[in-house]
Amino acid sequence: MKYLKLMMIYACRIGLRAFYLVPVKKNRIYLSADRGSGIRCNPLYIYKYLKTKYPEKYEYVWQYDGVSQEKDTTYVKPGTLKDLYFMLTSRVLISNDGFGSFLPKRKSQMFINTWHGGGAYKRSGVDFITDQHTVDLKINQICGRQTDVFLSSSRKFSEVMTTAKMVPKKRFLECGMPRNDLLLAGRKEEILNKVRNYFGIQEGKKIVLFAPTYRGEEQSAKFTSELDTEGCLEALRKRFGGEWVFLMRKHHFVKKTKYDGCINASDYPDMQELLLASDVFITDYSSTIWDYSLMFRPGFLFVPDLEEYSRERNFYTDPETWAFPLAKTNEELQSLICSFDENKNNEKIKEHHKFLGYRETGHAAEIVAKRIEGVL
């Protein structure tokens, strides 16, 4: 069955070569985030920078099932012939999840994989394939070979993804993630007001954001939170004072989850804006640990299934060394919140950044744009 999958991929690659009769358009840039499910993440921040720095210079194509609102941007539905046409005729292709092994890259094209997370936490790619079958390895090898630039936010990330995504080390560009330029620029009142207005949060109320990753396989991903939101809110009031609002954002693989005591923030278009607006962040094994740590604000890991998750997925680094303290129970989490020490928090984050080999620049979008400008 697996060999049939590989044969189908090669057949698809051969068939798509018919598009080679159509030349690559030199100023066309194709962007995709989370397999076409939204306009967000690192590709969005590169797109914004390019449009600001080089107005009307490039033609943009977004893989997304929506309607274009801008004259120089085309939206194409994922998996359609139109989508494939633009993939194979764009000079630069940018994705936060890589491109499928079915796609036969043309020599004049440049693939930029921005990925969708920093740091080095849960295992990924071939490191997560429980059955190290030669077919799975071959598929990943095809994708890795076709990648020209792979963005990295830390030395450790480059090291582990060299194996996980089978991309040569020399192709990693250690400049940080474009989406994190916003976080490193400092808290912007306009973003905070934007988030408050979106959710109807009164001025003066503080925000705690809970954003866990998914469990299980991508196709059947699920997550049911055991978090005691009321207990957390009480602990936050006791330690930091003021009134608090609890936002909960699910992973985009998860179809449904419970939001007891929370405001559902899953449909908010930009995760980085939520992080920037939040006063406290709670997560588990998500790479957003890295993102939020850049601002040196209070963060906590709620990991009641740590042993089980470790057996099923495992980690690149010991969770005890991550940027935030971890709790396996609600009681432990509330105790961590009540005893939060800013100096210890900052030291732990600094140690984590040093351990992973911090490579964020705060100018990642600009650096990527210059790389693109150099080939177009």
Query raised in the report: Restricting attention to region 114-129, does a residue exist that is over 23 Å from THR317 (Cα atoms) and not acidic (Asp, Glu)?
Result: no
Query - So VAL208, is it in contact with a Ser or Thr (Cβ under 8 Å, 6 or more places away or on another chain), more than 30 Å from TYR49 (Cβ to Cβ) and modelled with pLDDT of 90 or more - result: yes
Requested in this report: Kindly establish whether ILE14 is surrounded by 12 or more Cβ atoms within 10 Å (Cβ to Cβ), out of contact with any Lys or Arg (no Cβ under 8 Å at 6 or more places or on another chain) and β-branched (Val, Ile, Thr).
Outcome: no
Query raised in the report: Of the residues that sit in region 50-92 and are of a type in the set (Val, Ile, Thr) and assigned to a loop (DSSP other than H, G, I, E, B), which one is farthest from VAL368 (Cα to Cα)?
Result: THR80
Report task. Could you name every one of the strands (runs of 3 or more DSSP E) located completely within region 104-196 that has at least 2 residues being closer than 30 Å to ASP279 by Cβ? Result -> 149-152
Query - Of the criteria (1) buried (at least 22 other Cβ atoms within 10 Å of the Cβ); (2) modelled with pLDDT under 95, which one LEU247 fails - result: (2)
Query raised in the report: Checking LEU137 against (1) under 14 Å from SER124 (Cα atoms); (2) modelled with pLDDT of 95 or more; (3) more than 16 Å from the chain's Cα centre (by Cα); (4) among the aliphatic types (A, V, I, L, M), which test does it fail?
Result: (2)
Requested in this report: Report those helices (runs of 4 or more DSSP H) wholly inside region 279-375 carrying at least 1 residues which are within 23 Å of TYR45 (Cβ to Cβ) and open to solvent by 50 Å² or more (accessible area, probe 1.4 Å).
Outcome: 364-375
Query raised in the report: Could you say whether any residue in region 184-204 is at pLDDT below 90, under 30 Å from ALA369 (Cα atoms) and open to solvent by 40 Å² or more (accessible area, probe 1.4 Å)?
Result: yes
Query raised in the report: Only one residue in TYR64, TYR60 is open to solvent by 30 Å² or more (accessible area, probe 1.4 Å) and over 30 Å from PHE324 (Cα atoms), so which one is that?
Result: TYR64
Query raised in the report: Which residue, of THR52, THR73, is open to solvent by less than 70 Å² (accessible area, probe 1.4 Å), free of Cβ contacts under 8 Å to residues at least 24 places away in the same chain, of a type in the set (Ser, Thr, Tyr) and under 27 Å from ASP267 (Cβ atoms)?
Result: THR73
Report summary line: For region 93-110 the number of residues that are open to solvent by less than 10 Å² (accessible area, probe 1.4 Å) and either without any contact (Cβ under 8 Å) to a residue 40 or more places away in the chain or within 17 Å of ILE372 (Cα to Cα) (or both) is 5
Query raised in the report: Residues in region 20-33: is at least one open to solvent by less than 50 Å² (accessible area, probe 1.4 Å), small (Gly, Ala, Ser), in a loop (DSSP other than H, G, I, E, B) and closer than 29 Å to VAL135 by Cβ?
Result: yes
Query raised in the report: List the pairs whose first member sits in region 157-173 and is closer than 15 Å to GLY117 by Cβ, whose second member is of a type in the set (D, E, K, R), and whose Cβ atoms are under 7 Å apart, counting only residues at least 6 apart or on separate chains?
Result: SER158/LYS169; SER158/GLU174; ALA164/ASP127
Requested in this report: Write out, first by first residue and then by second, each pair whose Cβ atoms fall under 9 Å of each other, whose residues are 6+ apart or on separate chains, and whose first residue, in region 12-27, is closer than 24 Å to LYS57 by Cα while the second is open to solvent by less than 80 Å² (accessible area, probe 1.4 Å) and part of a loop (DSSP other than H, G, I, E, B).
Outcome: PRO23/SER108; VAL24/ARG106; VAL24/SER108; VAL24/GLN109; LYS26/SER108; LYS26/LEU376; ASN27/TYR58; ASN27/LEU376
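The values are calculated or read from the model by the stated rules, or taken from the named source; none is laboratory data. Remember, predicted model here, so these are calculated numbers, not experimental data. Here Cβ is always computed from backbone atoms with ideal geometry, including for glycine, and neighbour counts include all displayed protein chains. Calculation scope for accessible area: heavy atoms of the full protein, side chains included, ligands and nucleic acids excluded. Shrake-Rupley method; radii C 1.70, N 1.55, O 1.52, S 1.80 Å.
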